[in-house]
Amino acid sequence: MAEKCDVLILGAGAAGMMCAIRAGQRGRSVIILDHAKAPGEKIRISGGGRCNFTNIHAGPKNYLSANPHFAKSALARYTPRDFIALVEKHRIAWHEKTLGQLFCDDSAKDIIRMLLGEMQAVNVKLRLETAISDVAHDGGRFRVTTSGGLIEAESLVVATGAKSIPKMGATGFAYQIAEQFGLSLIETRPGLVPLTLDPAALERLSPLAGVAVPAEVSHGKTAFNEALLFTHRGLSGPSILQISSYWREGDVIRLKLEPARDILALLKEAKQKNGRQSAQTALAEILPKRLAQHVVEKSGLTGNLADMSDKALATLANEVQDWQIKPAGSEGYRTAEVTLGGVDTTGLDSRSMAAKSVAGLYFIGECVDVTGWLGGYNFQWAWASGQAAGEFA
Ligand SMILES: Cc1cc2nc3c(=O)[nH]c(=O)nc-3n(C[C@H](O)[C@H](O)[C@H](O)COP(=O)(O)OP(=O)(O)OC[C@H]3O[C@@H](n4cnc5c(N)ncnc54)[C@H](O)[C@@H]3O)c2cc1C
């Protein structure tokens, strides 16, 4: 005998749980299942354990998608303010860290407890450690075969996330279901991921591993002004993670280090004040020491400031503020925070996240071809798309 419910949600992550709450509030009987031992594992580890649960500036401009308009409806109908109200209802203390990024004061687990509490309040049934072996649709109802038995549902919501961090149980399952029901996919690739360098560049930059510096990192017309970190494998830090979502194999990225400072003016001032100091000493007042040394060696302009022409100083300043780097690749899904691409939005209704071609089938969260910037935008998409589907499923 199959167990019956109105709404079956596959994946008890951020989007799935949000959808379960809304559907339950509408009086729908809801089952949510997950193959993991615990719900919301990515919430738990997010934001260094404090969950950057939203961004007060979140809007369609902060998302990448083959159709940049798709996310507008869901994001407008469930805003960061709405999620903050939920967080405050549960008396979870929060703070803005930087750039509109909101974090729990205490622990990401508070967000998971909040979602579980809301699900319980509307009698959502949560099934963990449950594997899915088959999804069928007889034209009316969905029949899902699981390790816990057969479940029949009127609506099926796919919220199994994407490929990032396979070690945590991430799968491409949602894509498989999308293909099974004839929906198309946008090619997937890792996003918000450190970039790697070829062995020669890595050797040149290896003395800088561990150095962090403010930077404007750009790819074409897209630029992010946040910290950059040199690592043993290449480049990381928020500015690099952000640009990685725009970067494609073979492309060059530009690094403007210490973008808020006029390096040339500072070098000229240093020359005037104390011309006997070396360029490296002067630069070390502006940049981390190892970086100053690297820049001077790269420019070949050693010697005292007094012996350097304005043109030479300009060359030095350029070495700091106009680096062009061609990354060799990225660290891949192993460390990527998100997956770009996914279920093609042309097959989905932007109000409800429903598949246009299959009544009762929904896709939400990261499996959809909507990917946010770093800084709470991805959870906001999970909440908003989950809420949108929960309204209709
Ligand atoms: C290390 C890290 C830190 C992050 N920090 C932040 C942050 O601070 N702020 C932010 O906005 N975003 C952050 N993100 C991104 C954010 O976690 C995701 O965008 C978000 O979790 C996506 O929600 P989702 O519900 O679509 O998918 P998920 O949260 O990944 O949930 C999918 C669920 O489906 C389950 N599942 C998968 N396949 C199957 C299957 N075959 N059968 C059954 N169950 C299955 C999984 O176990 C999982 O519980 C971070 C990501 C990572 C990896």
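The values are calculated or read from the model by the stated rules, or taken from the named source; none is laboratory data. Fair warning: this is a prediction, and the values are worked out from it, not measured in the lab. Cβ coordinates were reconstructed from backbone atoms using ideal geometry, including for glycine residues, and neighbour counts include every protein chain displayed. Quick note on the areas: whole protein, heavy atoms, side chains included, nothing else; ligands and nucleic acids left out. Shrake-Rupley method; radii C 1.70, N 1.55, O 1.52, S 1.80 Å.
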Legend entry - Per-residue HN-Hα couplings for region 285-291 [Karplus 6.51, -1.76, 1.60; θ = phi - 60°; Hz; x = Gly/Pro]: 6, 9, 10, x, 3, 5, 5
Inset, instruction - Excluding residue 307 itself, calculate the net charge of residues whose Cβ lies under 15 Å from the Cβ of residue 307, where each Lys or Arg counts +1 and each Asp or Glu counts -1. - result: +3
Inset, instruction - Please list the non-local residues whose amide H lies under 5 Å from the amide H of residue 161, H modeled 1.01 Å from N, same-chain partners needing a gap of 5 or more. - result: 366, 367
Legend entry - Protein accessible area in region 336-378, 1.4 Å probe - carbon and sulfur %: 49 percent
Legend entry - Selected from 207, 60, 327 as most flexible by GNM, with the chain as the system and alpha-carbon contacts under 10 Å: 207
Legend entry - Heavy-atom accessible area per residue - the chain, 1.4 Å, Å²: 44 Å²
Inset, instruction - Measure off 7 Å from each Cα along the Cα-to-Cβ vector at residue 168 and residue 90, then give the distance between these two points in nanometres to one decimal. - result: 1.7 nm
Legend entry - Interchain or long-range residues, amide H under 5 Å from residue 4's placed H: 152
Inset, instruction - Using only the Cα atoms of region 80-210, build the gyration tensor, take square roots of its eigenvalues as a ≥ b ≥ c, and label the shape rounded, prolate or oblate: rounded if a/c is under 1.5, else prolate if a/b is larger than b/c, else oblate. - result: oblate
Legend entry - Separation in nanometres of the label points that stand 7 Å from Cα toward Cβ, at residue 225 and residue 326: 3.0 nm
Legend entry - Qualifying trypsin sites (Lys or Arg not before Pro) for region 1-74 [loop in DSSP, other Cβ within 10 Å: at most 13]: 37
Inset, instruction - Search the structure for amide H atoms under 5 Å from the amide H of residue 245, placed 1.01 Å from N in the peptide plane, and list their residues when 5 or more places away or on another chain. - result: 192, 193
Inset, instruction - Report, in degrees rounded to the nearest 10, the 0 to 90 angle that the Cα long axis of helix 310-321 makes with the longest principal axis of the chain. - result: 20 degrees
Legend entry - On Cα atoms only, tilt of 263-273 relative to the major axis of the chain in degrees: 30 degrees
Legend entry - Fluctuation leader among 311, 167, 356 - the chain, Gaussian network, Cα springs under 10 angstrom: 311
Inset, instruction - Return the carbon/sulfur percentage of the accessible area of region 81-146, one whole number, probe 1.4 Å, all protein chains in place. - result: 46 percent
Inset, instruction - Mind giving me the nanometre distance, one decimal, between the label points for residue 212 and residue 289, set 7 Å out from Cα along Cα→Cβ? - result: 1.9 nm
Inset, instruction - Just add up the charged neighbours of residue 351: K/R +1, D/E -1, any other residue whose Cβ is under 9 Å from the Cβ of residue 351. - result: -1
Legend entry - Gaussian network model of the chain, springs between alpha carbon atoms under 10 Å - residue of 162, 71, 284 with greatest fluctuation: 284
Inset, instruction - Filter the cross-link list 289/326; 61/163; 42/125; 97/256; 37/163; 163/289 down to pairs whose alpha-carbon distance in this structure exceeds 27 Å. - result: 163/289
Inset, instruction - Have a look at the DSSP beta bridges in the chain and tell me what percent are antiparallel, nearest 5. - result: 70 percent
Legend entry - With Cα atoms, 0 to 90° folded angle of helix 377-392 axis to the chain main axis: 20 degrees
Inset, instruction - Classify the chain as rounded, prolate or oblate, taking a ≥ b ≥ c as the square roots of the eigenvalues of its Cα gyration tensor: rounded when a/c is under 1.5, otherwise prolate if a/b is larger than b/c and oblate if not. - result: prolate
Inset, instruction - Name the shape class, rounded, prolate or oblate, that the alpha-carbon gyration tensor gives for region 119-178, where a ≥ b ≥ c are the square roots of its eigenvalues, rounded holds for a/c under 1.5, and otherwise prolate holds if a/b is larger than b/c and oblate otherwise. - result: oblate
